[in-house]
Amino acid sequence: MIEIRTIDTQHKVDINIPNEPFQIFGRIIPSYNGKEWTYTLLRFAPEDVTEMCFPDENYNYDSMQDSVFLGAYDGDKCVGLAILQPGFFKYMYLYDLKVNKEYRGQHIGRMLMQKAKEIAVQNGYCGLYTQGQDNNPGACLFYLNSGFYIGGLDTNVYRHTKQEGKADVLFYCESD
């Protein structure tokens, strides 16, 4: 049984669970009509589907004292991670979210999000915000299916980088 708990100093090594590959099977195309955001999912042809894996972050627990680390545990093994950080306004920032590949599809991400929303409220926030790359539709659809909504699009964040041409979709959710 999976248990969600705050990662304390005694378990600080658990914040460095490795990143694992995910499929790039399309692109989320947000649009804004002046009042609300909608999106279209552009699916790639099967031969154009690829895999991507972010580099491991090597987080330092002691230097991230403002962060809240949530772990999803299968017994003593950390199989999922959410990192929350103070926001500049009324939403707490979801800095990172990941679930080990072999545990995906078991609603662990949703469990982490539920606990993250609780922590946001306990810290005086009205909800969470995060971002997902427009070419990572798996993550974007996860957020949209977990109570988040699109609140913006940053088309400049990757300019002058190896990832030029990508954009970040900004997601928000209100606490229950």
Legend entry - Odd one out for Tyr39, checked against (1) in contact with a Leu (Cβ under 8 Å, 6 or more places away or on another chain); (2) at pLDDT below 95: (2)
Inset, instruction - State whether one or more residues within the stretch 43-60 are in contact (Cβ under 8 Å) with a residue 60 or more places away in the chain and part of a loop (DSSP other than H, G, I, E, B). - result: no
Inset, instruction - Check off (1) loosely packed, with under 12 Cβ neighbours inside 10 Å; (2) of a type outside the set (A, V, I, L, M); (3) closer than 30 Å to Thr155 by Cβ for Gln10 and give me the number that stays unchecked. - result: (3)
Inset, instruction - Write out, first by first residue and then by second, each pair whose Cβ atoms fall under 6 Å of each other, whose residues are 6+ apart or on separate chains, and whose first residue, in the stretch 1-23, is touching a residue at least 24 places away in the same chain (Cβ under 8 Å) and more than 24 Å from Asn136 (Cβ to Cβ) while the second is surrounded by 16 or more Cβ atoms within 10 Å (Cβ to Cβ) and of a type in the set (Phe, Trp, Tyr). - result: Glu3/Tyr73; Ile7/Phe69; Lys12/Tyr61
Legend entry - Hits in the stretch 128-165 - residues which are surrounded by fewer than 15 Cβ atoms within 10 Å (Cβ to Cβ) and in a loop (DSSP other than H, G, I, E, B): Thr155, Asn156, Val157, Arg159, His160, Thr161, Lys162, Gln163, Glu164, Gly165
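Each row is one residue, and each column tells you yes or no for (1) in contact with a Ser or Thr (Cβ under 8 Å, 6 or more places away or on another chain); (2) outside any strand (DSSP E or B); (3) aromatic (Phe, Trp, Tyr).
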site	(1), (2), (3)
Gly34	no, yes, no
Thr38	yes, no, no
Phe69	yes, no, yes
Tyr73	no, no, yes
Ala82	no, no, no
Leu97	yes, no, no
Arg110	yes, yes, no
Lys115	no, yes, no
Legend entry - Sole exception among (1) surrounded by 15 or more Cβ atoms within 10 Å (Cβ to Cβ); (2) at pLDDT below 95 for Ala72, by number: (2)
Inset, instruction - Test Gly87 against the criterion of being part of a loop (DSSP other than H, G, I, E, B) and at negative phi, and give yes or no. - result: yes
Legend entry - Within the stretch 92-142, tally of residues that are out of contact with any strand residue (DSSP E or B) (no Cβ under 8 Å at 6 or more places or on another chain) and among the aliphatic types (A, V, I, L, M): 1
Legend entry - Residue pairs meeting the criteria (Cβ under 9 Å; at least 6 apart or on separate chains; first more than 12 Å from Glu118 (Cα to Cα), in the stretch 164-176; second acidic (Asp, Glu)): Lys166/Asp134; Ala167/Asp134; Ala167/Asp154; Asp168/Asp134; Asp168/Asp154; Val169/Asp134; Val169/Asp154; Leu170/Asp154
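The values are calculated or read from the model by the stated rules, or taken from the named source; none is laboratory data. As the structure is a prediction and not an experimental result, all values here were calculated from the model. Glycine also receives a Cβ, built like all others from the backbone with ideal geometry; neighbour counts cover every protein chain displayed.
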